[in-house]
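Here is the structure we will look at.
Coordinate-derived values only; no laboratory data. Small disclaimer: the values here were computed from a predicted structure and weren't measured. Glycine gets a Cβ as well: all are built from the backbone with ideal geometry, and neighbour counts include every protein chain shown.
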Amino acid sequence: MTRLIAVVVPIGMFVKFVGGGEVHTKEVVNRLSKTTDVMILPYIEDVINFNDKEICEIYEKLPYYFPKLLKRLCSGEKIKFEDVIKELSDEAKESNLIYEPNLHIRINVLHRNDKIKLLLKSFKSSIYCSEKLSFDAYCIAKKSNKKLVSVIHPDVRSYIDGLKIAYNGLKYHYDFPLSMLKITLTYRNLIKINKLVKDHTFKYLLSVSKAIEHLDIRNEKVKVLKIGNAFNPEIMKYRSKNKEDYIVFWARLYSLKGILEIPYIVREIIKKYDIKLKIFGRFISESEKYKFFDSVRKLNIEKNIEYLEFLSEEKKYEIVSKARALVYPSHSDSFSLVILESLALGTPVVAYNLLGPRSIYDGLPAIKFVKEFDIKGMAQQVLKLINMKDEDYYNLIYEDNLNKLLETHNSWDKVFEEIFWYLFE
């Protein structure tokens with residue numbers, strides 16, 4: 001008898017690219033569909049605020065089952081929260097298990113009073129499945145009486161870390177300096193992930209790295225994947241010993257990825273060496289985009305910054321492979337596909353010393369970790385790479401430990417096989 005797995009994902013992932021967690025999701029779900037039947041359950045907010053019309057044109061051609069409500073959405077019908085969660089839960093009853101490749105929490109509070117009420121809920125022991133707050137996959141699994149396997153990608157930091165980021169975020173004019181504190185509050189106190197894992201509904205909570213240790217969950221259901229992410233080995237053909245005189249940064253361009261620190265890092269670098277930084281990716285916030293370019297102008301480094309917007313994969317690999325270094329001041333990473341791909345392309349990395357990436361890449365000569373918000377320290381490490389003799393530089397890249405790491409992470413099949421085991425063991 002064929003097994004049916006209900007997979008909770010953002011419906012838009014089939015028509016547009018979002019980020020690293022979505023890459024993981026697409027790669028694993030695609031492989032899952034080749035081994036068992038897969039039913040796609042969209043995020044509740046995607047149903048309530050349905051605007052992914054492109055999916056209406058292609059979903060019948062995809063190798064998945066979709067819920068009946070998608071056809072109604074495509075015809076223009078609006079569906080309320082209570083009906084959405086009931087219908088998705090009813091559909092999930094036909095499945096053997098619910099799987100969430102990228103743990104998602106829905107918070108829908110716009111007014112100040114609602115935010116205060118939500119904050120007060122964090123002091124109560126109750127678990128909420130409401131229009132204001134919903135851990136979609138858990139709520140659906142609970143109502144359909146099915147087991148749940150979720151994979152957590154966000155780096156949920158401590159409250160002390162969140163306060164440090166908020167303090168420094170004011171200095172660099174973050175739009176939302178409290179963003180990390182909000183993430184911490186959401187996981188620890190709103191959805192109460194430590195308590196949820198004990199629920200019989202949870203079969204496993206998987207993490208792509210040891211970043212989950214920040215949550216201090218002591219439960220045998222919590223597992224760190226041996227191979228949490230992977231890269232396409234074909235990109236290694238772009239590797240080049242013909243490095244050019246520039247450095248790179250790419251990611252989703254917003255404050256927690258360090259975009260607003262970038263101008264200050266570049267200013268420190270060009271005090272000693274005149275070089276250009278090439279940036280690509282999409283700005284999440286128009287306000288932070290303005291602040292970034294305003295800082296570039298005020299620091300008088302316009303000629304040292306080249307913004308390439310959003311590039312094709314091929315162009316991205318070509319540019320990164322010829323860069324002297326990846327500058328990566330991210331505050332929010334549990335694994336970082338950006339770091340993995342950069343190393344696979346033969347480009348060394350300078351990054352903040354976060355638990356998740358450090359647990360994957362620590363000890364590799366090709367990556368240098370510096371203290372968070374240490375702008376001068378990051379600039380110094382980049383300068384060392386820029387000024388390094390060619391022989392010493394390439395010894396960082398063509399090195400046994402890095403080769404072993406790349407060999408370990410060179411196939412999404414390996415990631416899928418491990419997750420598949422947790423789904424069906």
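Calculated from the structure, semi-axes √(5λ) of the Cα gyration tensor in Å equals which of (i) 33, 29, 22; (ii) 37, 25, 21; (iii) 63, 19, 18? Calculated semi-axes √(5λ) of the Cα gyration tensor in Å: the matching label is (ii). Charged neighbours of Ala137, selected by a Cβ distance under 12 Å, balance to +4 (K, R count +1; D, E count -1). Sorted fewest first by neighbouring Cβ atoms within 10 angstrom, Met13, Met39, Met236 come out as Met236, Met39, Met13. Sorted from longest to shortest, the spans of the Cα atoms of the stretch 233-408 along the three principal axes equal 43, 32, 31 Å.
Taking the beta-carbon count within 10 Å as an exposure proxy, list Leu354, Leu119 from fewest neighbours to most. Walk me through the numbers on the way to the answer.
Working: Leu354 22, Leu119 13.
With the sparsest Cβ surroundings first, the list reads Leu119, Leu354.
The angle separating the long axis of helix 20-32 from the principal Cα axis of greatest extent in the chain is about 50 degrees.
Relative contact order of the chain: what whole-number percent is it, with Cα pairs under 8 angstrom and at least 6 residues apart?
Details: 711 pairs, mean separation 61.5, N = 425.
That works out to 14 percent.
Axis angle, to the nearest 10 degrees, between helix 375-387 and the longest C-alpha principal axis of the chain: 60 degrees.
Around Lys278, what is the net charge, scoring Lys/Arg as +1 and Asp/Glu as -1 over all other residues with Cβ under 12 Å from its Cβ? Please report the intermediate quantities before stating the final value.
Values: positive: Lys276, Lys315, Lys316, Lys322, Arg324; negative: Glu244, Asp245, Glu306, Glu309, Glu318.
Result for the local shell: 0.
Multiplying the sequence separation of Leu299 and Lys376 by 0.36 nm and subtracting their Cα-Cα distance, what value in nm do you get? Each step should come with its number before you reach the end.
Numbers: separation 77, 0.36 × 77 = 27.72 nm, distance 1.54 nm.
Length gained between Leu299 and Lys376: 26.2 nm.
Taking loop as defined by DSSP and a crowding limit of 14 other beta carbons within 10 Å, which chymotrypsin sites (Phe, Trp or Tyr not before Pro) in the stretch 1-50 fit? The qualifying sites are Phe17. Sorting Ser130, Ser255 by the number of Cβ atoms found within 10 Å of their own Cβ, with the fewest placed first, yields Ser130, Ser255. For the stretch 233-408, relative contact order (Cα pairs under 8 Å, six or more residues apart, normalised by length) works out to 26 percent.
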